[in-house]
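For reference, the structure discussed in these notes is given below.
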């Protein structure tokens, strides 16, 4: 669950894992808690922090401070990453694949927490090897550090690369996304059937005449039949 830790810069925090460790001493066991925290502003800046403390709240607070110091920027293009990238750390490997608008973040809990708090809304991911949370987080950050926007790559090569494949996919996907109307809301249609039926009710059905015999169906009351001779 995310929480806002800095109102001025809109930095949010998400505690990915709380790990417990113990040491056997002369008097018994001494416990310590380690907190793995992700912080970001949902605008392309994200950081990771890990800290230990005898109590969970103090461990989370220390990890948030370390994560704010470690915040780094990453390029985002239309809600997704500019190109496919792969990051590895120890025995964990994470692959990040760009996706069209409307796809969403298809990832596990650890990778999803990083991408969403960084501001990525559409991305496909796949983890290989160990799923240890600390290793997976470091593998994702190692992959994010490799991201380069197309304009930067073109400048380094001294060429005009033009529109990339991902940019064309984003433009095609935007055509199928719903667009919110900025004008006033249109009122729904009003049922006017029956307005020209001389007060006999709407939807073409005659209004019941309470004075008719048997309380039935409408129209003018029929005269009683004459008795037979």
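FYI, it's all coordinate maths here, none of it is from the lab. Just so it is clear, the model here is predicted, and its values are computed rather than measured. No Cβ is skipped: glycine too gets one built from the backbone with ideal geometry, and neighbour counts run over all protein chains shown.
As a rough footprinting exposure proxy, the listed residues 152, 2 were ranked by other beta carbons within 10 Å of their own, and the order from fewest upward is 152, 2. Computing Rg and the Kirkwood Rh from the Cα coordinates of region 1-65 gives a ratio, Rg/Rh, of 1.12. Per the Debye formula on identical point scatterers at the alpha carbon atoms of region 109-156, with no solvent, log10 I(q)/I(0) at q = 0.16, 0.25, 0.29 Å⁻¹ is -0.53, -1.00, -1.18. Separation of region 30-58 and region 1-25, taken as the distance between their Cα centroids, equals 4 angstrom. Using all pairs of distinct alpha-carbon atoms, the Kirkwood hydrodynamic radius of region 85-174 works out to 14.1 angstrom.
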